[in-house]
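The values are calculated or read from the model by the stated rules, or taken from the named source; none is laboratory data. Nothing here was measured: the structure is a model prediction, and the numbers come from that model. Reconstructed Cβ throughout: ideal geometry from the backbone, glycine too, with neighbour counts over all protein chains shown.
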Amino acid sequence: MDKLRAEKLAAIARCPNCYDRVEFRKPTITCMGCGAAYAFEQDCPVLMTPEDRQRVNTFLKTHTYQTVPAVNSRLRRIFFPPGPCYDPRRPGRLRQLWSRFQPENIIIDVGAQSKRLRDDVLTVDLAPFKGVDLVGNALRLPIAEGTVDLVINTGVLEHVEDVDGVVAEFHRVLRPGGVVYTEIPFMQGYHPDPTDFQRLTYQGLSRTFKQFEIEEMDVSSGPFSNLAWTIREITAAPFAGQRAFTWVWMLSGWLSFWVKYLDKVAVRWKFAHRVASSYYVTARKR
């Protein structure tokens, strides 16, 4: 972790048990309030209660059994098809979002796994994936109240059991005037990571972010991304065997992924949201 991100993390990190400050002294982390002890894993601080950690570990162990198609062999990984979703306006949308925040602002990406959208962004996830800066539970973020300027979460809320609880945590850690940026599926197939619980309409998103002032809500990947996803799944669905399903799913993915690029035009259609693959929301804490 570079010096700037380390300083930011030290300033906002808190004990998930009592929310008091913590002291980082490798290989341990100690709460200065309740005295709870935490540890580093793969050089990443893990700030989770024992109960949360046990539950998350159970989730991760079942991941490979829940995820279909199972792509375990090297050969299957080589032939894995491109994704079915295309969001043509995302680069411009993110540039506009970045223009609102400077490197000294505190930005966290919850559920980022190994990707980092910008060098100064702190990545938070439920396991110490490569490149993750902090391991924590999204329902009990180990972060001080009112310390974050921007919370990013993309393709995360469909995977959490208590979406209202997670959004309430985003609200808690944001400063007044802070921003949350979300991307969430609407019409996409089942894709556990390690679980998959819900999809939300525009009305559902408005209710979920009712604590915030919604600045913008629109289609991210459109109806043709939905069609590409659906073709892939329907083509493979008749095959009961996991091996056969996987290979047909991958072949269908290669034959149909190009359909998504029609969303370059379709995302601007007035009623594209009715069958869109996903939405995005930008909302501000009042």
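Name the residue, out of G189, G222, that is small (G, A, S) and either farther than 30 Å from L255 by Cα or modelled with pLDDT under 95 (or both).
G189
So V148 fits all but one of (1) buried (at least 23 other Cβ atoms within 10 Å of the Cβ); (2) among the aliphatic types (A, V, I, L, M); (3) closer than 19 Å to R55 by Cα; what number is the exception?
So V148 meets the others, but not (3).
Where residues in the range 151-175 are under 19 Å from Q54 (Cβ atoms) and of a type outside the set (V, I, T), which of them is modelled with the highest pLDDT?
If we take residues in the range 151-175 being under 19 Å from Q54 (Cβ atoms) and of a type outside the set (V, I, T), then G165 is modelled with the highest pLDDT.
Is it the case that V167 is under 19 Å from I108 (Cβ atoms), under 14 Å from the mean Cα position of the chain (by Cα) and part of a strand (DSSP E or B)?
Considered against the rule, which asks whether it is under 19 Å from I108 (Cβ atoms), under 14 Å from the mean Cα position of the chain (by Cα) and part of a strand (DSSP E or B), V167 comes out as no.
Can you tell me which residues in the range 217-250 are without any contact (Cβ under 8 Å) to a residue 24 or more places away in the chain and not aromatic (F, W, Y)?
I234, T235, A237, P238, A240, G241, R243, A244, V248
A237 is checked against (1) surrounded by fewer than 16 Cβ atoms within 10 Å (Cβ to Cβ); (2) of a type outside the set (F, W, Y); (3) at pLDDT 95 or above and fails just one. What number does that condition carry?
Of the numbered conditions (1) surrounded by fewer than 16 Cβ atoms within 10 Å (Cβ to Cβ); (2) of a type outside the set (F, W, Y); (3) at pLDDT 95 or above, the odd one out for A237 is (3).
From the list V179, V160, pick out the single residue that is of a type outside the set (F, W, Y) and touching an Asp or Glu at 6+ places or on another chain (Cβ under 9 Å).
Only one candidate qualifies: V179.
Those residues that are farther than 12 Å from P128 by Cα and of a type in the set (F, W, Y), I need them from the range 30-51; list them, please.
Y38
When you scan the range 2-21, how many residues do you find that are in contact (Cβ under 8 Å) with a residue 40 or more places away in the chain, among the hydrophobic types (A, V, I, L, M, F, W, C) and over 18 Å from A138 (Cα atoms)?
Adding up the residues that qualify gives 2.
Quick one: would you say T147 is touching a residue at least 12 places away in the same chain (Cβ under 8 Å), under 18 Å from D2 (Cβ atoms) and among the polar types (S, T, N, Q)?
no
Among what's in the range 162-216 and is touching a residue at least 60 places away in the same chain (Cβ under 8 Å), in contact with a His (Cβ under 9 Å, 6 or more places away or on another chain) and under 11 Å from Y279 (Cβ atoms), pick the residue that is surrounded by the fewest Cβ atoms within 10 Å (Cβ to Cβ).
Once the filter is applied, the top-ranked residue is Y202.
For the range 15-37, enumerate the residues that are crowded, with 18+ Cβ neighbours inside 10 Å and more than 17 Å from E51 (Cβ to Cβ).
Listed by number, the residues that qualify are V22, I29.
Out of the range 247-270, which residues are under 25 Å from the mean Cα position of the chain (by Cα) and over 26 Å from V219 (Cβ atoms)?
Listed by number, the list holds a single entry, M250.
Among the residues of the range 118-129 satisfying the criterion of being out of contact with any Pro (no Cβ under 6 Å at 6 or more places or on another chain) and surrounded by 16 or more Cβ atoms within 10 Å (Cβ to Cβ), which is farthest from A276 (Cα to Cα)?
Once the filter is applied, the top-ranked residue is P128.
Go through the range 80-131 and give me each residue that's among the hydroxyl-bearing types (S, T, Y) and at pLDDT 90 or above.
Residues satisfying the conditions are Y86, S99, T123.
Any residue at all in the range 183-192 that is farther than 30 Å from A11 by Cβ and assigned to a helix (DSSP H, G or I)?
First, the residues of the range 183-192 that are farther than 30 Å from A11 by Cβ: 185-192.
Applying the additional criterion that residues be assigned to a helix (DSSP H, G or I) yields none.
No, because not a single residue in the range 183-192 is farther than 30 Å from A11 by Cβ and assigned to a helix (DSSP H, G or I).
If E213 satisfies all but one of (1) farther than 30 Å from R172 by Cα; (2) among the acidic types (D, E); (3) part of a strand (DSSP E or B), what's the number of the condition it fails?
(1)
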